[in-house]
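Working notes, structure below.
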Amino acid sequence: MNPYLAGTLLGLVLLSAMFLSGRGLGASGGMKYCVVSAVGAVDREHALGREYYARYFEEGRNPLTNWLTIELAGLLIGGFISGAVSGRLRLRNERPPHVSGRKRLFFAFLGGLFFVYGAQLARGCTSGAALSGMAVLSLAGFVTMAAIFGSAFLFAWFFRRLWI
């Protein structure tokens, strides 16, 4: 897709989300609610006995009904539909010839793990902290976006052989 069209569509989705729900976009929080819900399903007593987990279950609430988990489900369903419509719905491991499939998957998983950890520390991911933050002219949104692109630029030099 044309990047200018994609950026315009992303801006319209962000504007629609803010207008319709009063909130911006964000995905990393949805994962937190899923994990909290899983902890509550495995050991309810443990979850209710810990201050961090217990607040998500106050007044009989279910963490999976939070708007972030619904957004995350929509993201997965939308990605599946997009892949099916465009004919790209197949499982494959894209990598350069000199990198094994296992190595590519390991480093992709490791990168995702670091990104999720960083999003939790920063209290938001690129969509929540950066895009939604920048849309409301938050200084933190601009700083977050600069840090994301700056660190990606620096780390890309060290890990470029895994993709080129």
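Numbers at a glance
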{"read-out": "Residue tally, condition hydroxyl-bearing (Ser, Thr, Tyr) and not in a helix (DSSP H, G or I), over the stretch 109-164", "value": "1"}
{"read-out": "Test: residue in the stretch 66-76 that is charged (D, E, K, R) and assigned by TED's automatic domain parsing to the domain that holds Cys34", "value": "yes"}
{"read-out": "Verdict on Arg88 being of a type in the set (Lys, Arg), at pLDDT 90 or above and under 28 Å from Leu131 (Cβ atoms)", "value": "no"}
{"read-out": "Residue check for Arg61: surrounded by fewer than 11 Cβ atoms within 10 Å (Cβ to Cβ), modelled with pLDDT of 85 or more and out of contact with any Cys (no Cβ under 9 Å at 6 or more places or on another chain)", "value": "no"}
{"read-out": "Residues (over 18 Å from the mean Cα position of the chain (by Cα), more than 18 Å from Arg104 (Cβ to Cβ) and surrounded by 11 or more Cβ atoms within 10 Å (Cβ to Cβ)) located in the stretch 144-164", "value": "none"}
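This table checks each residue for (1) surrounded by fewer than 15 Cβ atoms within 10 Å (Cβ to Cβ); (2) in contact (Cβ under 8 Å) with a residue 12 or more places away in the chain; (3) within 30 Å of Phe155 (Cα to Cα); (4) not aromatic (Phe, Trp, Tyr).
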site	(1), (2), (3), (4)
Ser16	yes, no, no, yes
Phe19	yes, no, no, no
Cys34	no, yes, yes, yes
Tyr53	no, yes, no, no
Val85	yes, no, no, yes
Ser100	yes, no, yes, yes
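The values are calculated or read from the model by the stated rules, or taken from the named source; none is laboratory data. Keep in mind that what you see is a predicted model, and the values were worked out from it rather than measured. Positions of Cβ are generated from backbone atoms using ideal geometry, with glycine treated the same way; all protein chains shown enter the neighbour counts.
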